[in-house]
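Written out below as structure tokens is the structure these notes cover.
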Amino acid sequence: MLRSANWSAASEDTPIPRWIHVLLWLWLAGIDALKLSGTVAMLPRFPATAAEWQPLLPLVGRLLLEDMCGALLFYLTWRWLIPRTLGRARVVHYVLLAALLVLPYAALVGWVTMQTSRKGVQISAYRVTSPAQGQKKPVTTIVKSKKSGPQMPETWMRIISAGIIGVFIVGSSSALRITGDYIRGSATAAKWSVSSCSRS
């Protein structure tokens, strides 16, 4: 049975295992590579010069920001959230604080994604040709289009999508931390049991 005694708040100063860092950053780099390769595949040819990479810089900057936010969320969950909530058997506090961590992540990443991935051509003006009374030739009028921001449903879909990823990051960090601490606590308990039996 999993008990808080196996991974109490006193263990929050325990260093994060090196393989956790490697696993996290390999996962983030793999996701970035998939997103970037999908965009590059739509280009006529692979960008070989700095000028050809320039249109992709907003995407690269967005991916780096997502990596930083995702890593921060992962490490905050590992170092702060788990020891102060589930490590002390405070399940309700865990859910509330996890939501407080995910909401800013989802809002920021969703908004940045919306700003850097607008599709289509924005038309600032268009021409309308119509026949005029008393004139043989039609008259062409330039009509300026109304400026409109991103559609709200699409914005919310971006935020919800980022929120789902944030929940996955918090859940993954929690599962890895709890599993590692539980195995470490079980191994320590087994050593103490063997030691006490040998003394008796």
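The values are calculated or read from the model by the stated rules, or taken from the named source; none is laboratory data. These numbers come from a predicted model, not from an experiment. Every residue, glycine among them, receives a Cβ derived from its backbone with ideal geometry; neighbour counts consider all protein chains shown. Ligands, DNA and RNA are excluded from the accessible area calculation, which covers all protein heavy atoms including side chains. Shrake-Rupley method; radii C 1.70, N 1.55, O 1.52, S 1.80 Å.
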task = Determine the order of 157, 42, 114 by accessible area, beginning with the largest, at a probe radius of 1.4 Å.
result = 42, 157, 114
key: Phi to ³J(HN,Hα) by Karplus 6.51 cos²θ - 1.76 cosθ + 1.60 over region 69-84, Hz, x for Gly, Pro   = 5, x, 5, 4, 5, 5, 6, 5, 5, 5, 8, 10, 5, 5, x, 8
inquiry  = So the label point goes 7 Å from the Cα of residue 19 along Cα→C-beta, right? Which residues of region 162-177 then have their backbone N under 15 Å from it?
reply    = 176-177
query = Taking 0.36 nm per residue of separation and subtracting the Cα-Cα distance, what length does fully extending residue 26 through residue 116 add?
reply = 30.0 nm
message = So for each of 68-75, 31-38, 84-91 I average, over its residues, the number of other beta carbons within 10 Å; can you give me the resulting order with the highest mean first?
response = 68-75, 84-91, 31-38
